[in-house]
RNA sequence: GGCGAGGUAGCUCAGCCGGUUAGAGCGCAGCACUCAUAAUGCUGAGGUCGGGGAUUCGAGCUCCCCCCUCGCUACCA
């Protein structure tokens, strides 16, 4: 769990829920651990424990971190629970029985020694780009290149070390192509969704051939067994079972009346997620729910974009992250500072950057200087002049109007999921307080007009009382401190009380003053930056790295070829017909970034070859070059071009390509042996 | 290449159906104040709104072309 997770979904969700609770709305805040991802089984193997032990450990760690940061789930369940297994199985069975699925056979990599199918992550081999010998089937961790298992040189199974072979297997697919009209209709009712979310969905629906059938089962041994006959050794696709977890966890929370949360048209279901989950929450899960028929679908999915860290993508595997459990140790009792920073800089409309310098700035010049300082000024003055009692005065109508306006602004922003704006309006209340003090100068009026001083401080105290209510969704720990300082916990104020400029009665004894926030000094920030720089040196952060770090495994429907053994016989080699040829012409291929269409003089004929080198060479520089060609490669149609043969090139460490050419020009068509 | 989301002051972002001198917070500069964690308040400097063209009486906002960032996707035999 790192700051990206918090900023992306848990924090906004918590703020929204706390706001609703403060408004006395009937709300349930449901979440849980998704425990069936393939990475879990890999960690388990690495550590020599069972997947269950791994998820037990992380479920506890994550649950604790959430609690520490004040993420106020009503239930934090887990997908390894019995209730979830039952719920997800029932869900699958219903779809299965009513014929919602299509049965399909596909080829998957299989480990004959371990006797099981392999997820991409279970296949390692040599990276074709950087020669790292331990690249995974979905990504090379060293250079960041995104791969598919077939890209690997000498692929081998991490289970047994043997070379995997392809094998046919049966799985059940959700025909999303057929459900597309339903999904489109669903989306058409929600054109008010955030543009990044709505646009993303349209992109899925409209690009290419639209939605494709997706397998809802996998050949793995960790997960929920597929509850139908003939499905031994198969489990539910983690993205099938994970969202059903929301239902399971609701059942866990409300064993008796969970249904009203999922089957009542008046219930508003809202998913708070990161942008990597949009397709699952806005398309696949709704499709599943509609196909099932008994459940409501999400009313809104205010997904956030990504949070970067000091200019680079957050990466778990590269340890480029600020971990919540470490933050808690190094910034003790500063949960609200992080909540504030992440909320005021949340990636609401586009990817955003978290920097420690920013964190320090927000703490020092906003939380300390504006909010903390205002509260402290008022408490100090009231203690000094009025023995810590709320002075005699009546409600100020101007102040009441102002507080009322602010309350509306905060409320409206929150209801539109504009958390940054909402928080800024809360801070404006504190700013107003500072202005009040500066203008009324109670430290001056006390000399000859104690009554006026009392009026000023009465108003100032009421502002703090309002702040205690308004900041609670964002800064719950601060709100609690404010209540201690105001000695106001017993009043149990909710949102309804905000906007009242006479919340605390004259004569009310305030509690003890304490500082809300401390300054964060430069050296503290430097330590954090230093810490990150160290990981940058140890594990360089690759700029172009494609972070494939979603919990769920990548879809493994991709057709895969048989793995090769590392040694070949001379006969194998002799099958190759390698020849020299001279490039005559070269031109770009329309609508393809990487392709060049070449004509090559082979001596005995001129042939057309398509080659994926457009990003390395300009077409003009190629004619006249003599190159090595695999002449007897089966022809293949690429982007409408009949390609006959393949040009050989070497690729260096930087990924740069070099032609394999003879030292002296030779006859075209000469054999290479 | 296709689709989607962005590109607005040093930084982080607002800017509704196009309407007069483009806004906020932070940072920066100056002034004021001293109750306060040298905190606060006021004032100010700072932008040819990614570039070019078009429509319009008028465009940050509409249309076309191009560039850059992010995501998905196609292409690599």
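Tabulated data for the structure shown
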quantity: Debye equation applied to the C-alpha atoms of chain A, log10 I(q)/I(0) at 0.08, 0.09 Å⁻¹; calculated: -0.76, -0.90
quantity: Tilt relative to chain A, helix A:397-415 - C-alpha long axis, 0 to 90 degrees, to 10; calculated: 20 degrees
quantity: At R0 = 45 Å, FRET efficiency that the Cβ-Cβ distance of residue A:489 and residue A:160 yields, to 0.05; calculated: 0.15
quantity: Extension gain, residue A:167 back to residue A:312 (0.36 nm per residue minus Cα-Cα distance, nm); calculated: 48.2 nm
quantity: Zone of residue A:394's modelled label, taken as backbone nitrogen in segment A:455-493 under 18 Å from a point 7 Å along Cα→Cβ; calculated: A:455-460, A:462
quantity: Virtual paramagnetic centre 7 Å along Cα→Cβ of residue A:412, amide N under 20 Å, in segment A:11-26; calculated: A:16, A:19-20, A:23
quantity: Residue A:380 versus residue A:650: modelled label distance in nm, points set 7 Å from Cα along the beta carbon direction; calculated: 7.2 nm
quantity: Pairwise centroid distance, computed over Cα atoms, of segment A:158-208 with segment A:57-132, Å; calculated: 16 Å
quantity: For segment A:603-662 versus segment A:457-481, the gap between their alpha-carbon centres in whole angstrom; calculated: 69 Å
quantity: Mean Cα-pair separation over length for chain A, i.e. relative contact order, pairs under 8 Å, 6 or more apart, %; calculated: 15 percent
quantity: Estimated distance in nm for a label pair at residue A:107 and residue A:621, the labels positioned 7 Å out from Cα along Cα-to-Cβ; calculated: 3.7 nm
quantity: Between helix A:476-486 and chain A: long-axis angle, C-alpha atoms, 0 to 90°, nearest 10; calculated: 10 degrees
quantity: Residue order, fewest to most surrounding Cβ atoms within 10 angstrom, among A:568, A:537, A:314; calculated: A:537, A:568, A:314
quantity: R0 of 30 Å, Cβ-Cβ distance residue A:209-residue A:64: FRET efficiency to nearest 0.05; calculated: 0.10
quantity: FRET efficiency estimate (nearest 0.05) - Cβ-Cβ, residue A:184 to residue A:480, R0 51 angstrom; calculated: 0.65
quantity: A:325, A:271 arranged by Cβ crowding within 10 Å, fewest neighbours leading; calculated: A:325, A:271
quantity: DSSP-defined beta bridges in chain A - what % are antiparallel, rounded to 5; calculated: 85 percent
quantity: Extension gain from residue A:431 to residue A:47, taking 0.36 nm per residue of separation minus the Cα-Cα distance; calculated: 133.0 nm
quantity: Rounded tilt (10° steps) of A:195-206 against the dominant C-alpha axis of chain A; calculated: 30 degrees
quantity: Order of A:522, A:266 under a 10 Å beta carbon neighbour criterion, fewest first; calculated: A:266, A:522
quantity: Most to least packed among A:637-643, A:381-387 [average Cβ atoms within 10 Å]; calculated: A:381-387, A:637-643
quantity: Potential extension, residue A:195-residue A:599 segment - 0.36 nm per residue separation minus Cα distance; calculated: 140.9 nm
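Laboratory data are not the source of any read-out in this text; all were calculated from the coordinates shown. All of these numbers come straight from a predicted model, not from anything done at the bench. Counting neighbours? That spans all protein chains shown, and the Cβs are built from the backbone with ideal geometry, glycine included.
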